[in-house]
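A.B. asks: Sharing a structure, written as structure tokens. Questions coming.
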Amino acid sequence: MIETIGTTLTRLPVLPLRGLAAFPHMIIHFDVGRMMSIRALEAAMKNGQLIFLTAQRELKTDTPEPGDLYQMGTVCMVKQILRLPGDNIRVLVEGRARALAHQFVNPESDEDCIYAEVEELEDYVLGVTERRAQALVRTAQERFAEYAQNAPRVSPDVEMTVAAGGDPGWLADYIAQNLAVEVETKQEILEELNVTRRLTMVIRLLGEETEILKIENEIQDELKSQIDKNQREYYLREQIKVIQTELGEQDAAAEAETYRKRVADLHLPQECEEKLLKEVDRFAKLGGSSAEQAVVRTYLDTVLELPWNKKSEEQLDLAAAQAVLDRDHFGLKKVKERIMEFLAVKTLAPELKGQVLCLVGPPGVGKTSIAKSVAEAMGRSYARMSLGGVRDEADIRGHRKTYIGAMPGRIIDAVRRAGTNNPLILLDEIDKMGNDFRGDPASAMLEVLDAEQNVAFRDHYIELPFDLSDVVFLTTANDLGTVPRPLLDRMEVIELSSYTEEEKRQIAQNHLLPKQMQKHGLQKTQLVLSDAMLRAVIAGYTRESGVRRLEQLLAKLCRKAAKHVADGGKRLTVSEKNLESLLGVPPYKEDVVSKKDEIGIVNGLAWTSVGGEMLEVEVAVVPGTGKIEVTGNLGTVMQESAKAAVTFVRSRAAELSIDPMFYKDNDLHIHFPEAAIPKDGPSAGVTITTALVSALTEAPVRHDVAMTGEVTLRGRVLPIGGLREKTMAAYRAGIKTVVIPKDNESDLQDIEPVVRENLHFVPAYHMDTVMETAIDFSRRAKKRKKTVRGQAARAAQPSGASVVQ
């Protein structure tokens with residue numbers, strides 16, 4: 001017990017409550033499962049069974065800190081503890097008094113609990129006569145009786161206890177304890193020490209809850225009456241059906257004649273027309289009460305709704321088509337170029353049939369969204385169907401109409417929705433189709449995407465050949481590894497790489513930001529985001545191949561601007577000072593390279609699905625027994641590249657003035673920082689080799705040089721992929737010179753113009769070129785005198801003896 005001036009504080013263990021509040025003189029039970037709560041109970045049992053119960057502010061907080069707890073709580077006596085299966089404990093406590101926590105004390109160790117220095121508080125009554133207090137008690141009793149009539153879960157024992165009355169303060173606490181209200185509301189009642197005000201709060205709360213319960217009961221009654229009304233209408237409809245059955249026999253012939261006229265107006269091929277007319281005759285013979293007639297009617301309606309002869313007029317104006325593509329999407333040059341080629345050929349050869357294009361790339365680069373723009377540019381109607389998770393072959397070909405609830409497949413349904421027989425159909429996520437015992441939908445797609453077979457595509461439900469040869473199919477995929485080879489052969493694959501930082505900036509500036517500002521009701525002047533700040537958002541807050549996360553961040557800035565304007569501001573200007581307050585701390589940092597030439601440290605370049613990154617390689621040479629350590633969470637291919645690099649250096653040791661026995665007398669440690677990130681691939685071969693040569697010759701590597709390429713045992717530099725993304729990473733990091741494989745020289749035309757202008761590229765066919773460019777042999781350190789214990793030992797030992805080091 002701690003005594004302060006005029007106040008006596010008691011140090012008690014704290015048990016945080018979730019969704020619960022404890023009141024004085026009330027017995028409550030609850031289950032405990034958190035270790036901090038169990039430790040609090042154990043501490044209480046060692047200290048007179050007294051414990052301080054207080055509610056936590058957020059229900060979702062699993063490990064509350066002192067700041068997460070209310071200061072006002074209740075000092076309780078632990079009456080009973082019962083251990084339950086699953087390490088849970090059921091506790092029965094009795095409240096003693098309200099208490100105020102003057103200070104919470106964090107646990108000193110993981111085996112301890114939170115303590116609080118609490119002051120027990122007493123209720124008080126000011127300026128209230130006995131009659132007024134009695135009136136408040138009666139009002140509370142009446143309100144609770146009315147509440148109990150509408151509440152479904154109030155036990156009779158609680159009603160009798162309230163009806164018996166008692167002290168006003170105790171009655172207020174008892175009613176509050178048994179009300180189904182939020183913890184925040186109960187906490188307000190707990191914190192009120194004035195008995196009169198507390199009972200008044202309870203009376204007001206009872207009135208509000210009673211009104212809410214009455215409204216809920218009214219809603220339930222309305223729903224019940226509505227159900228009764230629907231049931232009544234069902235019986236009436238059944239009676240109408242009986243009447244129509246008696247009168248509809250004569251109307252079937254007129255309806256069949258309407259179907260015959262619709263079939264004749266379509267001018268279908270003879271096979272299709274004969275099949276449909278046979279179904280019409282069958283429809284006319286069936287009685288109106290027959291369920292089979294409804295099946296035939298649905299079939300005829302579905303078939304006749306198909307656009308057998310309806311075509312959309314194509315857009316052959318190449319300039320207008322190019323304008324539409326450029327208006328909606330930035331970049332995607334390969335897709336746009338392929339569409340323009342198709343339109344150009346269409347102007348010269350109108351009989352050209354539909355094409356099948358497959359757009360492959362990481363998520364968020366615009367594969368799905370460009371399909372609608374392509375349809376508009378071509379002047380065709382558009383329909384989209386998602387194939388992600390499709391496992392049933394019937395989803396593609398449809399079900400036989402003999403089954404209840406049969407319907408056409410997704411292909412025919414997409415054509416019906418498009419309204420023409422030459423639409424553009426987007427087959428989204430074609431790489432995510434599955435298969436099971438119901439069939440393989442990928443196999444069913446073979447006929448759909450084959451220009452030689454889809455001239456007469458037969459859906460199981462339609463059972464008639466439908467011409468899909470004029471349809472342009474545009475498919476999207478993230479990974480071609482899951483697409484069956486026969487299906488892949490039927491598509492022309494166009495690979496889309498991830499966006500560069502400059503492309504993201506252009507997309508955000510010209511498309512995403514205007515779209516989000518319009519969506520949030522902002523004028524152009526109400527949100528100012530400069531190019532520099534936009535680059536900062538892209539570099540510090542996104543690591544993605546596409547722009548979805550970037551669009552979410554721009555939407556967040558628009559919301560901040562909208563709130564700023566709503567609060568009376570004129571405009572929100574994003575700057576370096578307020579960027580973190582608007583979007584938080586940047587989760588990503590820019591690649592930072594060393595500012596000085598160092599021995600054994602080389603700047604490599606890596607490709608990731610979200611763009612290029614700098615990949616630093618470090619090599620350390622220490623006296624040892626010839627061990628080679630390769631660390632940094634590397635894959636098999638990368639480890640093999642390190643071994644090839646060591647062998648190449650051994651083969652050139654004499655020319656490089658390196659001790660030929662370095663691989664026996666020294667340990668080599670090759671390390672790639674950021675070991676938490678998996679790394680693999682052969683393109684770090686030249687980087688590892690350069691670092692090894694630098695470390696063994698003690699010649700520094702130029703810090704403004706980066707490189708990429710695969711190396712062979714003979715020192716040849718082989719081509720690599722992802723050059724566009726890698727060079728962008730080098731440009732961002734401030735690199736001046738990039739060494740690339742000679743065979744990748746033709747790929748330089750695909751990189752960004754700003755990168756070509758600011759980087760000096762050195763094509764290398766052999767490692768000699770790489771070393772001459774990156775290593776400054778003129779600053780080679782003088783060889784330190786070394787005492788090689790291994791060589792001395794071998795000279796002293798007879799032949800065949802081993803050296804123990």
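A.B. asks: Considering the dipole of region 542-609 built from charges on the beta carbon (Lys and Arg +1, Asp and Glu -1) around the Cα centre, which of 555, 579, 594 is farthest to its positive end?
C.D. replies: 555
A.B. asks: Still on this structure: Treat every Asp and Glu Cβ in region 414-556 as -1 and every Lys and Arg Cβ as +1, leave all other atoms uncharged, and give the resulting dipole magnitude about the Cα centre to the nearest 20 debye.
C.D. replies: 1100
A.B. asks: Under 5 Å between amide hydrogens, which residues at least 5 positions from residue 764 or on another chain qualify, with H placed 1.01 Å from N in the peptide plane?
C.D. replies: Under 5 Å from the amide H of residue 764 lie the amide H atoms of 740, 742, each far enough along the sequence or on another chain.
A.B. asks: For residue 62 and residue 552, compute 0.36 nm times the residue count separating them, minus their Cα-Cα distance, and round to one decimal in nm.
C.D. replies: Working it through step by step, the gained length comes to 173.5 nm.
A.B. asks: On full extension of the chain, what length is gained from residue 752 through residue 34, given 0.36 nm per residue of separation minus the C-alpha to C-alpha distance?
C.D. replies: Contour length minus Cα-Cα distance gives 252.9 nm.
A.B. asks: Would you please calculate the Kirkwood hydrodynamic radius of region 162-242 over all C-alpha pairs and express it in Å, rounded to one decimal?
C.D. replies: Taking the inverse mean of 1/r over all distinct Cα pairs, region 162-242 comes out at 15.8 Å.
A.B. asks: With charges set only on the Cβ (+1 for Lys and Arg, -1 for Asp and Glu), what does the dipole of region 1-125 come to about its Cα centre, in debye to the nearest 20?
C.D. replies: 460
A.B. asks: Okay, next question. Could you work out the pair-distance distribution P(r) of region 434-482 from its alpha-carbon pairs, with 5 angstrom bin width and percents rounded to whole numbers?
C.D. replies: With 5 Å bins starting at 0, P(r) equals 5, 17, 22, 25, 17, 12, 3.
A.B. asks: So, by mean Cβ neighbours within 10 angstrom, what's the order for 720-729, 160-169 with the highest one leading?
C.D. replies: With the highest mean Cβ count within 10 Å placed first, the list reads 720-729, 160-169.
A.B. asks: Can you give me the % of accessible surface on the chain that is carbon or sulfur? Probe 1.4 Å, all protein chains present, nothing else counted.
C.D. replies: That share works out to 50 percent.
A.B. asks: Keeping all protein chains in the complex and leaving out DNA, RNA and ligands, what accessible area do you get for residue 314 with a 1.4 Å probe, in Å² to the nearest 10?
C.D. replies: Counting only protein heavy atoms, the figure is 40 Å².
A.B. asks: Now for a different question. In debye, nearest 20, what is the charge dipole magnitude of the chain about its Cα centre with +1 on Lys and Arg Cβ and -1 on Asp and Glu Cβ, if you could check?
C.D. replies: 2220
A.B. asks: Where a Cα-Cα gap under 28 Å defines reach, which lysines qualify for residue 186, not counting those fewer than 8 residues away within the same chain?
C.D. replies: The reachable lysines, counting only those whose Cα sits under 28 Å from residue 186, are 60, 79, 214.
A.B. asks: Next question, about the same structure. With 5 Å bins from zero, work out the P(r) of region 534-602 over every alpha carbon pair and list the percent per bin.
C.D. replies: 3, 13, 21, 19, 13, 10, 8, 5, 3, 2, 2, 1
A.B. asks: So what's region 384-462 giving for Rg/Rh, alpha carbon basis, Kirkwood Rh from the mean inverse pair distance?
C.D. replies: Over the Cα atoms of region 384-462, Rg/Rh equals 0.94.
A.B. asks: Determine, for each peptide in 523-529, 651-657, 40-46, the mean count of other beta carbons within 10 angstrom over its residues, then list the peptides with the highest first.
C.D. replies: 40-46, 523-529, 651-657
A.B. asks: Just to confirm my numbers, what's the Cα centroid distance between region 274-348 and region 544-584 in Å?
C.D. replies: So the separation of the two Cα centres works out to 43 Å.
A.B. asks: Something else: If the reach is capped at under 19 angstrom between alpha carbons, list the aspartates and glutamates near residue 560, excluding any in the same chain fewer than eight residues apart.
C.D. replies: In chain and number order, the partners are 531, 551, 576, 580.
A.B. asks: Could you state, as a whole-number percent, how many of the C-alpha pairs of region 253-342 are farther apart than 15 Å?
C.D. replies: 68
A.B. asks: So what's the Cα pair-distance distribution over region 79-174, bin width 5 Å, in %?
C.D. replies: Per 5 Å bin, starting at zero, the Cα-Cα P(r) for region 79-174 comes out as 2, 9, 12, 12, 15, 15, 12, 11, 7, 4, 1 percent.
A.B. asks: Let me ask something else. How would you order 260-267, 346-353, 454-461 from highest to lowest mean count of nearby Cβ atoms within 10 Å?
C.D. replies: Result, highest mean Cβ count within 10 Å first: 454-461, 260-267, 346-353.
A.B. asks: What FRET efficiency, computed as 1/(1 + (r/R0)^6) with R0 = 41 Å and r the Cβ-Cβ distance, is obtained for residue 506 and residue 598, rounded to the nearest 0.05?
C.D. replies: With R0 = 41 Å, the Cβ-Cβ based efficiency is 0.65.
A.B. asks: Can you list the HN-Hα couplings for region 336-347, worked out from phi with the Karplus curve (6.51, -1.76, 1.60; θ = phi - 60°), rounded to whole Hz and with x for Gly and Pro?
C.D. replies: 4, 5, 5, 5, 5, 5, 4, 5, 5, 5, 5, 5
A.B. asks: Something else: I'd like to know how region 7-82 sits against the 2.2 N^0.38 Å rule of thumb: what's its Cα Rg over that expected value?
C.D. replies: Cα-based Rg divided by the globular estimate yields 1.04.
A.B. asks: Which of 261/311; 589/742; 595/742; 589/736; 504/679; 311/432 have a Cα-Cα distance over 23 Å?
C.D. replies: Checking Cα-Cα distances, 589/742; 595/742; 504/679; 311/432 exceed 23 Å.
A.B. asks: Can you give me the Kirkwood hydrodynamic radius for the chain, using every pair of distinct Cα atoms, in Å to one decimal?
C.D. replies: For the chain, the Kirkwood estimate is 35.6 Å.
A.B. asks: Here is a further query. So how long is each side of region 494-560 along the principal axes, counting just the alpha-carbon atoms, biggest first, in Å?
C.D. replies: Rounded to whole Å, the extents work out to 38, 24, 16 Å.
A.B. asks: In units of 2.2 N^0.38 Å, what is the alpha-carbon radius of gyration of region 613-672?
C.D. replies: In units of the 2.2 N^0.38 Å rule of thumb, it is 1.16.
A.B. asks: Could you work out the helix-only [θ] at 222 nm for the chain, with each DSSP H run of four or more residues adding -39,500 (n - 2.57) and the total divided by the number of residues, to the nearest 500 deg cm²/dmol?
C.D. replies: About -13000 deg cm²/dmol.
A.B. asks: Got a sec? Charge dipole of the chain, +1 on Cβ for Lys and Arg, -1 for Asp and Glu; which of 101, 409, 168 is way out at the positive end?
C.D. replies: Projecting each Cα onto the dipole axis, the largest value belongs to 101.
A.B. asks: How many percent of all Cα-Cα pairs in region 1-150 sit more than 29 Å apart?
C.D. replies: 27
A.B. asks: Still on this structure: Using modelled backbone amide H atoms (1.01 Å from N, in-plane), which distant-in-sequence or interchain residues come within less than 5 Å of residue 61's amide H?
C.D. replies: The answer is none.
A.B. asks: Short version: ³J(HN,Hα) in whole Hz for each residue of region 390-407, in order, from phi by Karplus 6.51 cos²θ - 1.76 cosθ + 1.60 (θ = phi - 60°), x for Gly and Pro, what are they?
C.D. replies: Values, residue by residue: 6, 10, 9, 4, 5, 5, 8, 9, x, 9, 4, 6, 6, 7, 5, x, 5, 8 Hz.
A.B. asks: Evaluate the Debye formula for region 497-619 with equal point scatterers sitting on the alpha carbons, no solvent, and hand back log10 of I(q)/I(0) at q = 0.15, 0.19 Å⁻¹, in q order, two decimals.
C.D. replies: -0.73, -1.02
A.B. asks: Step through the residues of region 295-301 one at a time and calculate ³J(HN,Hα) from phi using the Karplus curve (6.51 cos²θ - 1.76 cosθ + 1.60, θ = phi - 60°), rounding each to whole Hz and writing x for Gly and Pro.
C.D. replies: 5, 5, 4, 4, 4, 5, 4
The values are calculated or read from the model by the stated rules, or taken from the named source; none is laboratory data. Note that the coordinates shown come from a computational prediction; the quantities given were computed from them, not determined experimentally. Every residue, glycine among them, receives a Cβ derived from its backbone with ideal geometry; neighbour counts consider all protein chains shown. These accessible areas exclude ligands, DNA and RNA; they are computed on the full protein's heavy atoms, side chains included. Shrake-Rupley method; radii C 1.70, N 1.55, O 1.52, S 1.80 Å.
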